[in-house]
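Engineer: A single structure is presented below for examination.
Taken together, the values in this text are just the output of simple stated rules run on the coordinates, not laboratory data. Not measured: the values here are computed from a predicted model. With ideal geometry, Cβ positions are generated from the backbone for all residues, glycine too; neighbour counts draw on all protein chains shown.
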Amino acid sequence: MSTEHAVIVGASHAAAQLGASLRQGGWQGKISIVGDEAIPPYHRPPLSKAYLAGEKHSDELLIRPAAFYEKSGIDLVLGSRVTEVDRENKKIVLHDGGSIPYGKLALATGARVRKLALPGHDLDGVFYLRDLGDVDRIRSFTGPGKSAVIVGGGYIGLETAASMRKLGMSVTVLEALPRVLQRVTAPEVSGFYSRIHREEGVHIITDAAVEALEGGSSVAGVKLADGTVLDADLVVIGVGVLPCTELAEAAGLAVDNGIVVDEFARTSDPNIVAAGDCTNHYNPLYDIRLRLESVQNATDQAKTAANTLCGKLEAYHTLPWFWSDQYDLKLQIAGLSQGFDSVVLRGASDTGRGFSAFYFSGDRLLAVDAINRPKEFMMVRRALTTGLSVDAAKLADETIDIQQAFS
Amino acid sequence: MPSVKFISHSGVESEVHVASGTTVMHAAVDNGVSGILADCGGACSCATCHCFVDEAWLAKVGEPDDVEAQMLDFVLDPQPNSRLSCQITVSDELDGLVIMLPESQI
Ligand SMILES: Cc1cc2nc3c(=O)[nH]c(=O)nc-3n(C[C@H](O)[C@H](O)[C@H](O)COP(=O)(O)OP(=O)(O)OC[C@H]3O[C@@H](n4cnc5c(N)ncnc54)[C@H](O)[C@@H]3O)c2cc1C
Ligand code: FES
């Protein structure tokens, strides 16, 4: 087993798993995790959920306590930005000019928010939401009776809206497309979430074109192209993320909407692996190359990358899954719905607080969005992992137990 | 601080001490006890933190809620004493709790 120094760039979900899995896999050399945030790797999903709503303390967010890394002989180099990967001399260069030599390198640089170049984007009270620091700053602007405008009706925008309603704020969500969650779900799922958010008192405006953010030193309003001005004590912009590939690109690694890796998480340099939101990888279950933004992918691909570094080549072939919590709604997604041509519903989307949408391409089941239906999520996760076949008519019939629909 | 004893599928025991209010899942993950993956970090969304509660402790630990029970139906090797460890909170009442870990989570 190698006694080389393994250096991991980035210190979040993928990095934490990579470090732990390297040790579990018997890596004997030094392991360092170098990240630019100030605290050890933490769970990002609660940022827009329980943490924003004030129901969780930052200590509860850590993926593992600092002591775990110490005990496992993993050096955490925090608050350090890596500015260059010098492949020739096998070292990384830090923002302060220091450098760290590596034997093997893992890139777990994740993604950063896509920014909008709107007039007024640099006013106080205008935020993006990706890091703990972002939410701490957002929280100094939240409070009962205040108005928030959220730009972007994706999962993070809608979760933020739900959390801010819990805080007693008046909330408007602006979506540029004709429906919320348009890029990721069927119309029935979008319709369901729009209805629930309206019932919870959120004002949703679709087909919205934001023209400018207005105010003095701090934001006071959001101006739309049709002339409407919405009051805002605070604006949160959530319009997607871009993979952090600049280190890889500058080092001459293959990059194409993410750092290109093979099924063993190897980049085009045999000494460098990559995992998580920053990678463009192959998914054999769906026979496509893609980039995923999920904890599942960060964690599972990190295990593959660690195995590869430990000399154990095991292809990454996990079923993608995802979750989102808003109000009392637990959405669990198994599989990838992209490319679907029909949807089968189980339960009602236009009343109540739970149903499932099953996505098909021809007669092949691709994915499920299960809302307050954990059993259906678990069943589909099992079916897609083990290759069971499905009877769509039985899926739609709630009098038939979900397990009877699969064989 | 209450203690929790984990027994791996192959019979290896590890005892950890954690503050009251910690979940059994965190008691394992924070102390490097393997066998619990906890991919969702305790959001009751992944079912990769499955464990078995020692019979002697079942009554004190209590029953899973509906969401948890539905997920438990689909874990590998579900048993009447199956629980998701992120949904059990350690307290002084549960000092000495014994938890068995499954062979595999997925
Ligand atoms: C608000 C929010 C809610 C979410 N909710 C869910 C959810 O419910 N379910 C789900 O599955 N996923 C969710 N996600 C997505 C999930 O958090 C990401 O997929 C996951 O964090 C990816 O992990 P990663 O380690 O690949 O990258 P990241 O978490 O992006 O971490 C990369 C880290 O590397 C650091 N870094 C980058 N470049 C450098 C450099 N040059 N030098 C040093 N450090 C560097 C970054 O600062 C960052 O800390 C959510 C994300 C957000 C922001
Ligand atoms: S940690 Fe995911 S369900 Fe318990």
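Engineer: By its C-alpha gyration tensor, with a ≥ b ≥ c as the square roots of the eigenvalues, how is segment A:1-62 shaped: rounded for a/c under 1.5, else prolate for a/b larger than b/c, else oblate?
Structural biologist: Numbers: a/c = 3.82, a/b = 2.67, b/c = 1.43.
Prolate shape, in that a/c is at least 1.5 and a/b is the bigger ratio.
Engineer: Answer rounded, prolate or oblate for segment B:3-105, using the Cα gyration tensor with square roots of eigenvalues a ≥ b ≥ c: rounded when a/c is under 1.5, else prolate when a/b is larger than b/c, else oblate.
Structural biologist: In terms of gyration-tensor shape, rounded.
Engineer: Also, quick follow-up: When ranked by the protection proxy of mean other Cβ atoms within 10 Å per residue, highest first, what sequence do the peptides A:269-275, A:392-398, A:76-82, A:30-36 form?
Structural biologist: On the way: A:269-275: 23.3, A:392-398: 15.0, A:76-82: 18.0, A:30-36: 21.3.
Output ranking for A:269-275, A:392-398, A:76-82, A:30-36: A:269-275, A:30-36, A:76-82, A:392-398.
Engineer: For segment A:97-131 and segment A:185-255, compute the distance between their C-alpha centroids and round to whole Å.
Structural biologist: Here the answer is 18 Å between Cα centres.
Engineer: How many partner chain Cβ atoms sit within 10 Å of a residue's Cβ in peptide A:327-339, on average, as a whole number?
Structural biologist: 1
Engineer: Can you tell which of A:361, A:378, A:337 lies farthest toward the positive end of the dipole of segment A:328-405, using +1 and -1 charges on the Cβ of basic and acidic side chains (Lys, Arg; Asp, Glu)?
Structural biologist: Result: A:378, furthest along the dipole toward the positive end.
Engineer: Can you tell me the Rg and the Dmax, both Å, for the Cα atoms in segment A:60-170?
Structural biologist: Rg and Dmax of segment A:60-170, Cα atoms, are 19.2, 57 Å.
Engineer: With a cut-off of 8 Å between alpha carbons and a minimum separation of six or more residues, what is the relative contact order of chain A in percent?
Structural biologist: Result for chain A is 14 percent.
Engineer: Can you work out the FRET efficiency for the pair residue B:8 and residue A:242, with r the C-beta to C-beta distance and R0 = 60 Å, to the nearest 0.05?
Structural biologist: According to the calculation, E is roughly 0.90.
Engineer: Report the calculated FRET efficiency for residue B:65 and residue A:212 (r = Cβ-Cβ distance, R0 = 56 Å), to the nearest 0.05. Before the final figure, lay out each step's value.
Structural biologist: On the way: r = 47 Å, r/R0 = 0.84.
E between residue B:65 and residue A:212, to the nearest 0.05, is 0.75.
Engineer: Something else about it: Counting alpha carbon pairs within less than 8 Å and at least 6 residues apart, what relative contact order, in whole percent, applies to segment A:126-237? All intermediate terms of the calculation are to be shown ahead of the outcome.
Structural biologist: Working: 207 pairs, mean separation 35.2, N = 112.
It rounds to 31 percent for segment A:126-237.
Engineer: Let me ask you something else. DSSP loop (so not H, G, I, E, B), at most 16 other Cβ within 10 Å: list which GluC sites (Glu not before Pro) in segment A:142-200 pass both filters. Each step should come with its number before you reach the end.
Structural biologist: Working: sites: A:159, A:175, A:188, A:199, A:200; in loops: A:175, A:200.
When the GluC sites (Glu not before Pro) of segment A:142-200 are filtered for loop state and at most 16 Cβ neighbours within 10 Å, A:200 remain.
Engineer: Can you pull the Rg over Rh of segment A:114-273, Cα-only, Kirkwood? Let's see the in-between values first.
Structural biologist: On the way: Rg = 18.3 Å, Rh = 17.2 Å.
Answer for segment A:114-273: 1.06.
Engineer: Using only helices, what value at 222 nm comes out for chain A when you add -39,500 (n - 2.57) per DSSP H run of length 4 or more and divide by the total residues, to the nearest 500 deg cm²/dmol? Each step should come with its number before you reach the end.
Structural biologist: Values: 9 runs with 89 residues, N = 407.
Counting only the DSSP helices, I get -6500 deg cm²/dmol.
Engineer: Does the protein assembly as shown come out rounded, prolate or oblate, given a ≥ b ≥ c as the square roots of the eigenvalues of its C-alpha gyration tensor, rounded meaning a/c under 1.5 and, failing that, prolate meaning a/b above b/c? Don't skip to the answer; put the middle values down first.
Structural biologist: Numbers: a/c = 1.38, a/b = 1.08, b/c = 1.28.
Rounded.
Engineer: Dipole of the protein assembly as shown, Cα-centred, from +1 at each Lys and Arg C-beta and -1 at each Asp and Glu C-beta, to the nearest 20 debye?
Structural biologist: On the way: 43 positive and 66 negative charges, 124 e Å.
For the protein assembly as shown, the charge dipole is close to 600 debye.
Engineer: Next question. Which three lengths, in whole Å and largest first, does segment A:328-405 cover when its Cα atoms are put on their principal axes?
Structural biologist: Principal extents (largest minus smallest coordinate, Cα): 31, 26, 21 Å.
Engineer: Hey, another quick one. Need the list of lysines near residue A:115 for cross-linking: C-alpha distance under 28 angstrom, and skip anything on the same chain fewer than eight residues off.
Structural biologist: Leaving aside lysines fewer than 8 places away in the same chain, those within reach of residue A:115 are A:49, A:56, A:146, A:166, A:223.
Engineer: Calculated from DSSP H runs of 4 or more alone, at -39500 (n - 2.57) each and per residue, what is the 222 nm mean residue ellipticity of chain B, nearest 500? Present the calculation step by step, with values, prior to reporting the outcome.
Structural biologist: Working: 3 runs with 18 residues, N = 106.
Result for chain B: -4000 deg cm²/dmol, rounded to the nearest 500.
Engineer: Given a Förster radius of 41 Å and the C-beta distance between residue A:351 and residue A:57 as r, what FRET efficiency does 1/(1 + (r/R0)^6) yield to the nearest 0.05?
Structural biologist: Values: r = 37 Å, r/R0 = 0.90.
My answer for the efficiency is 0.65.
Engineer: Let me ask you something else. With only alpha-carbon pairs counted, each pair once and no self-pairs, how large is the Kirkwood hydrodynamic radius of segment A:35-105 in angstroms? Intermediate values should be presented prior to the final figure.
Structural biologist: Details: mean 1/r = 0.0704 Å⁻¹.
Here the Kirkwood hydrodynamic radius works out to 14.2 Å.
Engineer: Which one of A:100, A:82, A:68 is farthest out on the positive end of the charge dipole of segment A:1-112, using unit charges on Cβ (Lys, Arg +1; Asp, Glu -1) and the Cα centre as origin?
Structural biologist: Positive-most Cα among the choices belongs to A:68.
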